[in-house]
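Heads up: the structure comes next, in structure tokens.
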Amino acid sequence: MGIIFYDSKKEKLFYKDNMYYVLRENKDDEYIISSCYSAYDMIDIPITVPTPFYFTFIPECLDTYEKDYEPNYVLKVVFDIFSFSDMKEFYSRMDDKYYHIDETNQTITVNGYDCKHNTEVKDCMMFDYKNRTISGINKDGDLEIIIQPKKILLFPFRKWSIFSNYISNSALFRPP
């Protein structure tokens, strides 16, 4: 897998013991190494999930990504930068017990790691390429959608209705 999503100038991907690591340039002549994962907060329990990108999948952080970057930013990174094939390649080096790939439905379900209790969390997150949604496990052990595409309006509804009234009342756009 040649693609990873970090914000550094130079990076190198390593794989050992069912885990990916990235060595990246932090500053000139200074490098750091870290695990390739995203964080997920399951009912105040920190969970790490191996991913070729780093996001924190908790509501406050997801809102910040949307406000500080652009609408649907996380989905664009996950589904546009990383194709289904890229993600399959990323997970295929791991033992089969840590992930499940459904070719028909184009989903990848990944186990996570409960940092608080030092245990594995089976089927913790699912990346659904067909529907462009990301799901996480809830307190009942079921997957629920935590992020999905948002419709982007060019004009908020109130402004649009004022704008459309202006257009319909103008001589230029008046129907015959």
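The values are calculated or read from the model by the stated rules, or taken from the named source; none is laboratory data. Being a predicted model, the structure only gives us computed values, none of them experimental. Glycine gets a Cβ as well: all are built from the backbone with ideal geometry, and neighbour counts include every protein chain shown.
Annotation note: Cβ proximity below 8 Å between a residue of region 32-47 that is without any contact (Cβ under 8 Å) to a residue 12 or more places away in the chain and over 20 Å from Leu75 (Cα atoms) and a residue that is of a type outside the set (Val, Ile, Thr) and surrounded by 15 or more Cβ atoms within 10 Å (Cβ to Cβ) (sequence gap 6+ or interchain) occurs for Ile32/Arg24.
With the requirement that a residue be over 20 Å from Arg24 (Cβ atoms) and at pLDDT below 85, what does region 48-60 give you?
Once the filter is applied, which keeps residues that are over 20 Å from Arg24 (Cβ atoms) and at pLDDT below 85, region 48-60 yields Ile58, Pro59, Glu60.
Scanning region 22-47 for residues that are loosely packed, with under 14 Cβ neighbours inside 10 Å and either at pLDDT 80 or above or under 20 Å from Phe82 (Cβ atoms) (or both), we see that the one that is nearest to the chain's Cα centre (by Cα) is Ser35. The residues of region 61-81 that are over 22 Å from Lys130 (Cα atoms), out of contact with any helix residue (DSSP H, G or I) (no Cβ under 8 Å at 6 or more places or on another chain) and either at pLDDT 85 or above or not acidic (Asp, Glu) (or both), listed by number, are Cys61, Thr64, Lys67, Tyr69. Considering only residues in region 76-101 that are within 27 Å of Ile43 (Cα to Cα) and free of Cβ contacts under 8 Å to residues at least 40 places away in the same chain, the one that is nearest to the chain's Cα centre (by Cα) turns out to be Lys76.
Could we say that Gly112 is over 24 Å from Lys16 (Cβ atoms) and of a type outside the set (Ser, Thr, Tyr) here? Spelling it out, it is not the case that Gly112 is over 24 Å from Lys16 (Cβ atoms) and of a type outside the set (Ser, Thr, Tyr). The residues of region 57-105 that are outside any helix (DSSP H, G or I), buried (at least 16 other Cβ atoms within 10 Å of the Cβ) and not aliphatic (A, V, I, L, M), listed by number, are Phe57, Asn72, Phe82, Tyr99. Restricted to region 114-176, the set of strands (runs of 3 or more DSSP E) holding at least 3 residues that are among the aliphatic types (A, V, I, L, M) and modelled with pLDDT of 50 or more comprises 119-128, 143-147. List pairs: first in region 111-125 and without any contact (Cβ under 8 Å) to a residue 40 or more places away in the chain, second of a type in the set (S, T, N, Q), Cβ under 7 Å, 6+ apart or cross-chain? That search, which allows pairs on different chains as well, returns Glu120/Asn111; Lys122/Asn111; Asp123/Thr109; Asp123/Asn111.
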